[in-house]
Structures are given as C-alpha cells and as structure tokens.
C-alpha cells in the first residue's frame with residue numbers, strides 16, 4: 001500500500017496559487033517532501049494560464065488574490081476541468097467559503113493552517129479522486145434509479161438521460177449514499193468516509209456539498225433531487241421516492 005501511495009504522489013502535479021511567496025514556498029516544501037511535483041502562481045490570471053497550459057492533479061487556491069480573486073478563478077476552471085480544488089481562506093470568512101463550495105471547490109483550509117494538515121487533505125482528495133469505487137468488492141458498476149443513472153467507472157451521472165456536471169467530491173458523496181439506500185449517515189461519518197477526515201473537518205462542508213448536489217440534480221429533475229433526504233439532527237440519507 002505504501003508503494004502504491006508513493007507512486008500516486010510521484011505522478012501528481014499540484015499548482016499552488018497564493019500572492020504571498022512565503023506561503024507558496026512553505027506549502028511547496030511540505031508537498032515536495034511528500035513526493036509531489038509542485039508549480040506556483042502568484043495571482044489569478046497566472047493560475048488560469050498555467051491551468052489551461054498544463055495538467056494538474058490538484059490545485060491549492062487562495063481565496064483573496066490581487067486582481068482576479070479565488071472565486072473567479074475557481075469558477076473559470078470549473079467551466080473546463082473537474083480538477084480537485086482546495087481553497088485557502090481567512091479565519092471567520094464563512095460566507096466566502098460557502099461561495100467557494102458553490103462554485104466548485106472541493107475543500108478549504110483556514111489560515112493560519114498546519115502544512116501537515118494541508119498535505120493530509122491533499123492526499124485524501126487525490127485518493128478519493130483516483131478511486132471510482134468506494135469499496136472494491138460487491139459493488140455494481142452502474143447504479144440505476146428512477147430518473148438517475150450513476151456510471152461508476154466513467155464517474156458520470158445522468159438525470160433523465162442528461163449528463164450532470166459534478167465535482168469529484170460531489171460525485172463521491174452521491175455514490176457513497178446511493179450505494180446504501182435508506183441508511184442514515186451522520187455528518188461526522190460522511191466527513192470520515194468521503195473526505196477521509198478522522199480528526200478534523202468542519203461539518204458545514206457536508207451541508208454545503210449536499211446543498212450544491214441537490215441544486216445540480218434539481219436542474220434536471222426535482223424528483224431526483226429529493227432522493228437526498230435531510231434527517232434533522234442527524235445527517236442525510238438516500239431515499240428513492242415513488
């Protein structure tokens with residue numbers, strides 16, 4: 001398992017976007033120590049140019065950038081790529097974090113942050129993005145429900161025969177719940193198993209992703225969007241209603 005993980009990291013190229021050189025260098029140092037290839041961008045325009053010119057496994061994106069801010073960069077990237085994005089935000093900047101999720105960010109880290117925690121989040125996101133299945137045994141390659149089809153290997157979701165564009169984390173969340181219909185999942189459980197966060201993680205991350213996932217499904221079918229049910233005081237479940 002260690003060798004496989006190292007192989008993934010050696011083949012993973014990460015773009016770090018921040019206007020503070022000190023932060024870029026710090027993040028780069030920790031990522032390179034873990035075996036990742038790292039590029040840097042100091043502003044939003046440069047980040048977009050590098051994203052469109054290169055191929056990145058993951059992007060670490062500061063929210064507050066000169067000129068074009070991180071939200072605009074994220075939105076433009078999401079028009080063309082589903083690359084996992086971790087947003088760097090200031091403490092207490094809840095509204096901007098929510099907006100970042102709505103634009104397609106997969107995770108966020110609050111400044112000041114632990115570089116080791118950031119590396120753990122990078123590894124967790126890459127691990128999930130590289131696994132089309134939640135577990136390896138006894139899983140169907142296609143999950144079919146009324147109006148909803150999930151193609152596991154292709155990581156494609158269709159609602160009423162129309163493809164829905166989901167971020168990697170939105171896809172993982174939908175698959176995780178759809179594979180276990182009617183089971184109630186607590187937010188901590190979802191953070192642990194979908195985000196791989198065992199000791200940290202804001203439960204609002206789950207709420208924001210569920211909200212965004214419902215909205216995307218609801219653009220094609222209100223019935224399908226209601227398959228994701230809120231269990232008040234506990235969490236969520238996937239329930240197919242007639």
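Give the residue, chosen from 191, 148, 166, that is within 21 Å of residue 100 (Cβ to Cβ), outside the structural domain of residue 118 (by TED's automatic domain parsing), surrounded by 14 or more Cβ atoms within 10 Å (Cβ to Cβ) and in contact with a strand residue (DSSP E or B) (Cβ under 9 Å, 6 or more places away or on another chain).
That would be 166, the only listed residue that is within 21 Å of residue 100 (Cβ to Cβ), outside the structural domain of residue 118 (by TED's automatic domain parsing), surrounded by 14 or more Cβ atoms within 10 Å (Cβ to Cβ) and in contact with a strand residue (DSSP E or B) (Cβ under 9 Å, 6 or more places away or on another chain).
Could you check the stretch 10-66 and list, in sequence order, the residues that are within 14 Å of residue 84 (Cα to Cα) and surrounded by fewer than 16 Cβ atoms within 10 Å (Cβ to Cβ)? Correct list: 13, 55. Residues in the stretch 213-242 that are surrounded by 12 or more Cβ atoms within 10 Å (Cβ to Cβ) and without any contact (Cβ under 8 Å) to a residue 40 or more places away in the chain were compared, and the one that is farthest from residue 191 (Cα to Cα) is 218.
Against the definition (at pLDDT below 85, within 26 Å of residue 44 (Cβ to Cβ) and not in a strand (DSSP E or B)), how does residue 82 come out, yes or no? The answer is yes for residue 82. Among what's in the stretch 116-128 and is surrounded by fewer than 17 Cβ atoms within 10 Å (Cβ to Cβ) and at pLDDT 85 or above, pick the residue that is farthest from residue 89 (Cα to Cα). Looking at the filtered set, the residue picked out is 116.
Would you be able to say whether some residue in the stretch 41-50 is on the phi > 0 side of the Ramachandran plot, assigned by TED's automatic domain parsing to the domain that holds residue 12 and outside any helix (DSSP H, G or I)? Walk me through it before giving the result.
First pass over the stretch 41-50, keeping only residues on the phi > 0 side of the Ramachandran plot: none.
Checked against the condition, which is being on the phi > 0 side of the Ramachandran plot, assigned by TED's automatic domain parsing to the domain that holds residue 12 and outside any helix (DSSP H, G or I), the stretch 41-50 yields no hits at all.
The values are calculated or read from the model by the stated rules, or taken from the named source; none is laboratory data. These numbers come from a predicted model, not from an experiment. Glycine gets a Cβ as well: all are built from the backbone with ideal geometry, and neighbour counts include every protein chain shown.
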